[in-house]
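The values are calculated or read from the model by the stated rules, or taken from the named source; none is laboratory data. What you see is a predicted model, and the numbers here were worked out from it, not measured in a lab. Cβ placement follows ideal geometry from the backbone for every residue including glycine, while neighbour counts extend to all protein chains displayed.
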Amino acid sequence: MKLFWAPQTRSSRAVWMLEEAGVEYEIEHIDIRDSSQHVDVDFRAASPMRKVPALKDHDVQMAESAAICLYVADRYAPGRLAPAIDHADRGRFLFWLMYAPAVIEPTMSEKLNKIEPNRASNGWGDFKTMISTLSTGLGGNPWILGDHFSAADVMLGSSVHFMQLFNLLGDEPELTEYVERCRERPAFQAAQKKEG
Ligand SMILES: N[C@@H](CCC(=O)N[C@@H](CS)C(=O)NCC(=O)O)C(=O)O
């Protein structure tokens, strides 16, 4: 399995995921600032937008971090990092997995770029509602599905990690403790080590 990766990017969550799954993989460094270097046919096939992370696993080629996390969990750690397809938690798991790209990232972008949110027409609401929904979702549990860590925590935890790096997180004890728990995981630390 090969992960197309760049430092200080969303690639770190794919590494975290692969480390949690315990699969073997190699990393190919993509220079995201120089598209003339994007000559690898596998990278071009896996990532039509030439973005990282992207993955090649035998004949599977794909991009989008949430999709990669879901693929790795279902393929290599079913029942452990993703509830089985007929498990009652599956719906909640998918909701929170998709919450990161569908709600957290657009609201973060609006906040960083000081764009006034249009709650009613935006599919992602606004930053404040995103934060309170996530805090309520955690509800004092260690992980988003309760006691069980899953791929959804990789997506959510890495998003909260970036929120903190960008100084977007105010006094949110629930989220601060959550991201601290994520950072204590050996797989998270292995991913951070690769950042150099
Ligand atoms: N929605 C994508 C976003 C991927 C993305 O934007 N990656 C950035 C780095 S964090 C990138 O490759 N940027 C280079 C470019 O767009 O040329 C995901 O979650 O994987």
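Just a few scattered comments:
- Whether a residue is buried (at least 24 other Cβ atoms within 10 Å of the Cβ) and closer than 25 Å to ILE104 by Cα was assessed, and GLU20 passes this test.
- Residues in segment 166-179 that are in a helix (DSSP H, G or I) and loosely packed, with under 12 Cβ neighbours inside 10 Å: PRO173 alone.
- Options VAL52, VAL41: the member that is within 14 Å of the chain's Cα centre (by Cα) and among the hydrophobic types (A, V, I, L, M, F, W, C): VAL52
- Counting only residues that are touching a strand residue (DSSP E or B) at 6+ places or on another chain (Cβ under 9 Å), assigned to a strand (DSSP E or B) and more than 12 Å from the ligand (Cβ to nearest atom), segment 50-94 holds 3 of them.
- Candidate set from segment 1-36 (those that are touching a helix residue (DSSP H, G or I) at 6+ places or on another chain (Cβ under 6 Å) and basic (Lys, Arg)); member that is farthest from ALA152 (Cα to Cα): ARG10
- Among the residues examined, THR107 qualifies as in the same structural domain as GLU172 (by TED's automatic domain parsing) and closer than 25 Å to PRO7 by Cα.
- Residue that is nearest to ALA82 (Cα to Cα) [pool: residues in segment 113-162 that are free of Cβ contacts under 8 Å to residues at least 24 places away in the same chain and of a type in the set (D, E, K, R)]: ASP147
- Within segment 24-58, the set of residues being more than 19 Å from GLU195 (Cα to Cα) and among the aliphatic types (A, V, I, L, M) comprises VAL39, VAL41, ALA45, ALA46, MET49.
- If you go through segment 131-162 and pick out every residue that is more than 15 Å from GLU177 (Cα to Cα) and touching a Pro at 6+ places or on another chain (Cβ under 9 Å), you end up with 4.
- Taken over segment 19-42, the criterion of being in a helix (DSSP H, G or I) and within 14 Å of the ligand (Cβ to nearest atom) is satisfied by SER35, SER36, GLN37.
- In segment 9-17 there is no residue matching the filter, namely being on the phi > 0 side of the Ramachandran plot and either in a loop (DSSP other than H, G, I, E, B) or within 13 Å of the ligand (Cβ to nearest atom) (or both).
- Scanning segment 109-120 for any residue that is crowded, with 19+ Cβ neighbours inside 10 Å and either among the hydrophobic types (A, V, I, L, M, F, W, C) or within 27 Å of GLY22 (Cβ to Cβ) (or both) turns up nothing.
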